[in-house]
Amino acid sequence: MILVTAATGQVGREIVRLLAAAGPVRAMVRDPAAAALPEDVEVAAATFEDGGAMAAAMAGAETVFLAGRDGPGYASQQARAIDVAARVGVRHVVKLSAVGAAAGSPVELMRDHHAGEERLRSSGMAWTFLRPHLYMQNLLRLTGPVAGEGRLAAPMGDGAYPFVDTRDVAAAAAAVLRDPAAHTGRAYALTGPRAVGYAEVARLMAAIVGRDARYEALAPERFRAELEAAGIPAWRAADLAAIASAYADADNRPADGVAELAGRPPTPIERFLADHRAALTAGASRSHA
Ligand SMILES: NC(=O)c1ccc[n+]([C@@H]2O[C@H](COP(=O)([O-])OP(=O)(O)OC[C@H]3O[C@@H](n4cnc5c(N)ncnc54)[C@H](OP(=O)(O)O)[C@@H]3O)[C@@H](O)[C@H]2O)c1
């Protein structure tokens, strides 16, 4: 049995869909009534804060997919999940981590991912780390300002980043979960096929919503202050503002993890944006309202 945590998340939900098509899968969710997962999926109610409920959810599972939501409690949530998995006899944990995970990262979520990886390495269980780069799906949040003001403002400097589609992350994860022993002790960087700068992202999005748009590189400190003024929690504002600095040059080169695991090339950003044309143009019409 495979247990998928964070099964209502962007990546987890798609993993559950892919695995359910081929065999039994159990989904750990906080609220079964709201989970809206396929009917043939076994659902277990648990949170990362509740060790007892997690133990019941993980009982009988040989393999666990471990993801979650970044935040102040994330490191302890992951540590608890790893400890419970080891205690109930899980053999292999596949951890969703991130490109840039490092003890000395300026970004807290990267330090948390590193701590989770280290905890897993010393857990006695077999492990695999999946380290995606920035999700293409993050870009959908920028649709409103692109469509409304012709402006894509972000603290990403003039770097180029190999954004990855979460559908590819899920396909790679599902392949590992189906045959975990083949991936024991491996860490995979999951990226898109090429690095793309934000000026090009602005042009590509603008072409879809039907107007000109340009990228404005914001100073991280200004971006952080704007987010905080808009009510975003301080930890999240700090992480989002500093994220570009979490990547070394080598991190921003495309990697072959998706092709190796999913058995097909990763999704180009042009196809991702075309696939989300409806969401992008809906954002455009909202921003004119
Ligand atoms: N965004 C990026 O560019 C990027 C890049 C690389 C790596 N990542 C990593 O990807 C991960 C997020 O993956 P995602 O986007 O698939 O997730 P997501 O869509 O943000 O969903 C988070 C999931 O975690 C569950 N969750 C949150 N708190 C929980 C708790 N206390 N107990 C149990 N479940 C809880 C949520 O359940 P509910 O539905 O109940 O809220 C949901 O299923 C993060 O660790 C992030 O660092 C992100």
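Data for the structure
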{"read-out": "Pair list, Cβ < 6 Å and 6+ apart or interchain, from the range 235-259 residues that are more than 15 Å from ARG222 (Cβ to Cβ) to residues that are in a helix (DSSP H, G or I) and hydrophobic (A, V, I, L, M, F, W, C)", "value": "ASP239/LEU109; ALA246/MET110; VAL258/ALA172"}
{"read-out": "Any hit, the range 26-47, residues being in contact with a Pro (Cβ under 8 Å, 6 or more places away or on another chain) and among the charged types (D, E, K, R)", "value": "yes"}
{"read-out": "Test set (1) under 24 Å from ARG13 (Cβ atoms); (2) more than 12 Å from the ligand (Cβ to nearest atom); (3) assigned to a helix (DSSP H, G or I) - GLN137 fails condition number", "value": "(2)"}
{"read-out": "Some residue of the range 277-287 being out of contact with any strand residue (DSSP E or B) (no Cβ under 7 Å at 6 or more places or on another chain), surrounded by 15 or more Cβ atoms within 10 Å (Cβ to Cβ), among the β-branched types (Val, Ile, Thr) and under 19 Å from GLY144 (Cα atoms)", "value": "yes"}
{"read-out": "Residues of the range 119-130 satisfying the condition of being touching a residue at least 12 places away in the same chain (Cβ under 8 Å) and either among the polar types (S, T, N, Q) or farther than 20 Å from ALA181 by Cβ (or both)", "value": "ARG119, SER123, THR128"}
{"read-out": "Looking only at the range 92-110, and only at residues there that are surrounded by 20 or more Cβ atoms within 10 Å (Cβ to Cβ) and over 16 Å from ALA244 (Cβ atoms), the one that is farthest from the ligand (Cβ to nearest atom)", "value": "HIS92"}
{"read-out": "Of all residues making up the range 1-11, the number that are in contact with a helix residue (DSSP H, G or I) (Cβ under 7 Å, 6 or more places away or on another chain) and outside any helix (DSSP H, G or I)", "value": "7"}
{"read-out": "Selection from the range 24-74 of residues that are of a type in the set (Lys, Arg) and within 11 Å of the ligand (Cβ to nearest atom)", "value": "ARG30, ARG69"}
{"read-out": "PHE129 vs. criteria more than 30 Å from GLY89 (Cβ to Cβ), at pLDDT 95 or above and of a type in the set (Phe, Trp, Tyr)", "value": "no"}
{"read-out": "Qualifying position, being under 30 Å from GLY71 (Cβ atoms) and touching a Lys or Arg at 6+ places or on another chain (Cβ under 7 Å), among ALA189, ALA229", "value": "ALA189"}
{"read-out": "Test: residue in the range 218-234 that is in a helix (DSSP H, G or I), surrounded by 14 or more Cβ atoms within 10 Å (Cβ to Cβ) and either touching a His at 6+ places or on another chain (Cβ under 8 Å) or of a type in the set (Lys, Arg) (or both)", "value": "yes"}
{"read-out": "Test for ALA181: is it in contact (Cβ under 8 Å) with a residue 12 or more places away in the chain, outside any loop (DSSP other than H, G, I, E, B) and exposed (fewer than 14 other Cβ atoms within 10 Å of the Cβ)", "value": "yes"}
{"read-out": "Condition check for ARG80: surrounded by fewer than 23 Cβ atoms within 10 Å (Cβ to Cβ), under 29 Å from TRP235 (Cα atoms), more than 9 Å from the ligand (Cβ to nearest atom) and not small (Gly, Ala, Ser)", "value": "yes"}
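Yes/no per residue for (1) closer than 17 Å to ALA173 by Cα; (2) in contact with a helix residue (DSSP H, G or I) (Cβ under 8 Å, 6 or more places away or on another chain); (3) of a type in the set (A, V, I, L, M):
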residue: ARG121; (1), (2), (3): no, no, no
residue: ARG141; (1), (2), (3): no, no, no
residue: ALA147; (1), (2), (3): no, yes, yes
residue: ARG151; (1), (2), (3): no, yes, no
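One line per residue, one yes/no per condition, for (1) out of contact with any Phe, Trp or Tyr (no Cβ under 8 Å at 6 or more places or on another chain); (2) of a type in the set (Val, Ile, Thr); (3) surrounded by fewer than 23 Cβ atoms within 10 Å (Cβ to Cβ):
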residue: GLN10; (1), (2), (3): no, no, yes
residue: ILE15; (1), (2), (3): no, yes, no
residue: ALA20; (1), (2), (3): yes, no, yes
residue: GLY23; (1), (2), (3): yes, no, yes
residue: MET28; (1), (2), (3): yes, no, no
residue: ALA35; (1), (2), (3): yes, no, yes
residue: ASP40; (1), (2), (3): yes, no, yes
residue: MET54; (1), (2), (3): no, no, no
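The values are calculated or read from the model by the stated rules, or taken from the named source; none is laboratory data. Note that this is a predicted model, so its numbers are computed, not measured. Cβ atoms come from the backbone with ideal geometry, glycine included; neighbour counts cover every protein chain shown.
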